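Written below as structure tokens is the structure these notes are about.
The values are calculated or read from the model by the stated rules, or taken from the named source; none is laboratory data. Small disclaimer: the values here were computed from a predicted structure and weren't measured. Cβ coordinates were reconstructed from backbone atoms using ideal geometry, including for glycine residues, and neighbour counts include every protein chain displayed.
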Amino acid sequence: MLKFAFRNLSRHKGRTALTLAAIAFGVVSLVLSAGFVDDIFVQLRENTVQSGLGHAQIAKEGYFKFSARQPYAYMIDKPEAVIAQVKRLPQVKEAMSRLNVNGTLNNGKAELPVRGEGVEPDKERFVGGFISLIEGRHLNADDVYAAELGEGLARSLGIKPGSRVTLLTSTPQGAVNTVELQVVGVFRSFSIEYDARAMRMPLAAAQAALNTHAVHTVVVALNDTSETDAAINVMRATFSGQPLVVKSWEELADFYRKAVDLYRAQFGVLQLIILVMVALSVSNSVNISIFERTGEVGTLLALGNRRREVFRLLVLESAVSGVLGGLIGVVLGIVLAFLISAVGIPMPPPPNSSQGYLAAVRVVPEQVAIAMSIGLVATIVASLLPASRVTRLPVVEALRRAM
Amino acid sequence: MSIVRIENVSKRYRLGEQEVAALRGVSVSIEQGEFVAIAGPSGSGKTTLLNMIGCIDTPTGGRVVVDGQDVTGRSPDQLADLRARTLGFIFQTFNLLPVLSAEENVEYPLVNIQHLPREERRRRVAYFLDMVGLTRFAKHRPNQLSGGQRQRVAIARALATRPKIVLADEPTANLDHQSGEGILQLMKEINHHSGTTFIFSTHDARVIAMADRVVRVSDGEVVGEESNR
């Protein structure tokens, strides 16, 4: 029977091609749409991590809750020890200290409030991939009294690389302190708001400005975002005896989960629409190819085939075309996904950011498998009703349509 | 005992608003080994009568007995089994399976018979293809054959299961005179040779002339019978 089914498919080239095309087209749509949505999530995830957040942050207990009110009450006094312990974990690529410095920045004529960040410049590139340079250069490990300014801040103060600025701060002890910094570069991040107030400087300069050796946070970069949960658990266990908290990027990026939920709902609706269209076009072509054969069904019944046997034959043929069409769709979908990814889909800047990016289509094995099974199931299900209807026709009626 | 007994069979169906009577109380009985033509103009009900005998249509009233079995009220599956075992069909439009070769077409009804060894199947296919003179065309597909050759394949297919009755609905209507005559000659030879009962419908006078017995149908009623023996 399988042989006969294959014959029916392979020798009716036009009809089979039409059905296969419908199925393959459907599977391709599913593979591509799922891959595109997945890429958006991955991009969003990596953007979040690479926006300076890192995969995890370690801070003194209470820091994340109360630091706005008491900026210098929750600090890590011996960051070297924490970093040494963290870097022993196999998942960890890098760990770095940060110190927040709030103050005012003066260019000699005007001054503006500024959110400074003391960082270890050579390590920051592991978590700051999306901070791009507009003018001058990035900070490097040899800089001490240097600074990099956000685009908006630099524009407001009329500062170009090479200018000198003064940072006025109050130290944890309550004294007023100033440090003079040389501006080496202007950067642009994903967030316009952040760029309007942000300044980065070497950790040493920030520590000098605040007259301290402590830091606020230790930022951890992992080899792969998917290892986050495992790494967090190990770190929490490691620091369980100490007054430290470990937070994952997901906990720190409040907007991330909301954005994902929103996207998922929106894309879900779109994918549902695609699914319905796929189901309709597949069932349409399956319908046609079955009803075209009414006369043949009549012949088979007259020759003494039972209804159930003919029904099984028709469904089997559909299943075979479902498998073939699905495979073609999967191959085509993967090839197309790679082609589209190679070219890239230009995307406009996401909300609250100033840079667009190139989206790709990811090949996600589970999604491909799901697309393939949807194609197969849709084809089989689509064949059930017409097959049952055709085989239930009175034999004479079916035969009459042979002419 | 008659191999086919039609007792007071009627068939009505609706055509739009009107009710049409295709058969009105027809009674016929046919003996084993007969070579019978059901003759009549188109619309006379001869095809309907043939379909009743072939168990592919059900009567509105009356009784149809085929090979000793009353088929009225049987389930579609029971009828399918009866067709597979006792009946062979030859159609006006040949109705070969387009994707199968000549020999595969002949083999097809045999595949449905259980407990028939492969060798026996092969042997029968070769035997019947030879009988209809198409051994050379065994591997050809229907669209590579002429009308007459296709109808020969159909005859071989109808005979392959060794049915007791072969039913042929206007077997020569789509053929030229020469092939039509050849087909009928072949059927007649098989009838004499193996004793298979042949019942066919026709409106062609030349075909009627070759039948042993003619049942004339008009307006859904049997209007006459004649024997050519």
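For the condition closer than 30 Å to B:N51 by Cα and free of Cβ contacts under 8 Å to residues at least 40 places away in the same chain, A:L300 qualifies.
Among the candidates A:D229, A:D254, the residue that is over 18 Å from A:T379 (Cβ atoms), without any contact (Cβ under 8 Å) to a residue 12 or more places away in the chain and away from chain B (no Cβ under 14 Å) is uniquely A:D254.
Scanning the range A:239-249 for residues that are in contact (Cβ under 8 Å) with a residue 24 or more places away in the chain and not in a strand (DSSP E or B) yields A:F239, A:P243, A:W249. In the set B:D77, B:D130, B:D67, only one residue is surrounded by fewer than 15 Cβ atoms within 10 Å (Cβ to Cβ) and away from chain A (no Cβ under 12 Å); that residue is B:D130. Among the conditions (1) out of contact with any strand residue (DSSP E or B) (no Cβ under 9 Å at 6 or more places or on another chain); (2) modelled with pLDDT of 90 or more, B:P98 misses just one, which is (2). Return the only residue of A:L275, A:L314, A:L270 being within 14 Å of chain B (Cβ to nearest Cβ) and among the aliphatic types (A, V, I, L, M). None of the other options fit; the residue is A:L314.
Listed here are the residues, each with its yes/no results for (1) over 23 Å from A:G52 (Cα atoms); (2) outside any strand (DSSP E or B).
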position: A:I159; (1), (2): yes, yes
position: A:T166; (1), (2): yes, no
position: A:T169; (1), (2): yes, no
position: A:T178; (1), (2): yes, no
position: A:L181; (1), (2): no, no
position: A:V184; (1), (2): no, no
position: A:F190; (1), (2): no, yes
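Scanning the range A:117-133 for residues that are among the aliphatic types (A, V, I, L, M) and either at positive phi or surrounded by fewer than 20 Cβ atoms within 10 Å (Cβ to Cβ) (or both) gives a single hit, A:L133. Scanning the range A:97-116 for residues that are in the same structural domain as A:I232 (by TED's automatic domain parsing), within 19 Å of A:L53 (Cβ to Cβ) and surrounded by fewer than 21 Cβ atoms within 10 Å (Cβ to Cβ) turns up at least one hit. Suppose the filter is within 14 Å of chain A (Cβ to nearest Cβ), farther than 30 Å from B:A138 by Cα and touching a strand residue (DSSP E or B) at 6+ places or on another chain (Cβ under 6 Å); does B:T47 pass it? It is true that B:T47 is within 14 Å of chain A (Cβ to nearest Cβ), farther than 30 Å from B:A138 by Cα and touching a strand residue (DSSP E or B) at 6+ places or on another chain (Cβ under 6 Å). One residue alone among B:T60, B:T86 is at the interface with chain A (Cβ under 10 Å from one of its Cβ atoms) and β-branched (V, I, T), and that residue is B:T86.
Per the conditions (1) surrounded by 15 or more Cβ atoms within 10 Å (Cβ to Cβ); (2) of a type in the set (A, V, I, L, M, F, W, C); (3) within 15 Å of the chain's Cα centre (by Cα), the sole criterion not satisfied by A:L262 is (1). The condition of being basic (K, R), within 14 Å of chain A (Cβ to nearest Cβ), touching a residue at least 60 places away in the same chain (Cβ under 8 Å) and in a helix (DSSP H, G or I) holds for B:R157. Looking across the range A:294-311, the residues that are touching a Lys or Arg at 6+ places or on another chain (Cβ under 8 Å), crowded, with 23+ Cβ neighbours inside 10 Å and either part of a helix (DSSP H, G or I) or more than 8 Å from chain B (Cβ to nearest Cβ) (or both) come down to A:G298, A:L301, A:A302. Considering only residues that are in a loop (DSSP other than H, G, I, E, B), more than 16 Å from A:F4 (Cβ to Cβ) and of a type in the set (K, R), which ones fall in the range B:100-149? Residue satisfying the conditions is B:K139 alone.
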